[in-house]
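Readers should treat all values here as calculations from the given coordinates under stated rules, not as data from a laboratory. No experiment lies behind these values; they were computed from the predicted model shown.
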Amino acid sequence: MENHEGKLADLLVHNGLKRTLPRLKVLDILSNRDSATSQPFLEKVMGSDVDRVTLYRILQTFEQKGIIHRILDGHGTANYALCSPNCSQHEHHDEHLHFNCSNCQRVYCLDTVRIPKFKTPQGFSVENISLTASGICSNCSEKSN
């Protein structure tokens with residue numbers, strides 16, 4: 001476990017951020033989940049360890065630094081997941097399919113399903129790419145069998 005905590009602390013230092021307990025806790029929660037996580041869920045799990053404004057600032061900073069990326073669920077709620085190690089403050093490389101489960105409401109990053117590269121018409125500049133599918137996730141499928 002100490003090695004895991006060390007990697008999270010190193011991630012903060014690598015991105016020029018101070019190693020604070022709230023930042024480390026947010027990273028720990030995100031890294032231990034198999035689906036994206038909403039701010040309300042983080043608020044609930046963290047309890048009195050962090051207030052809503054501080055948590056919002058942490059998520060905003062992590063997104064700007066390329067540590068996490070934001071995915072909207074089927075209700076328009078922002079969810080967050082760790083970025084790939086290739087992401088940085090200047091470039092995100094999270095061009096993968098996001099899956100919204102209509103049963104459990106969880107949002108999954110399907111990293112193995114890549115969004116194909118495409119060429120836009122002259123004068124168009126892509127700033128963000130998002131591809132979302134919805135249906136029943138494997139966990140919910142297994143429970144119904």
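Quick notes
- Filter on Lys18/Lys44; Lys65/Lys117; Lys7/Lys65 - keep pairs with C-alpha separation over 19 Å: Lys18/Lys44; Lys65/Lys117
- Cα-based Kirkwood hydrodynamic radius, the stretch 2-144, one decimal, Å: 16.3 Å
- Relative compactness, the stretch 1-65, computed as alpha-carbon Rg over 2.2 N^0.38 Å: 1.05
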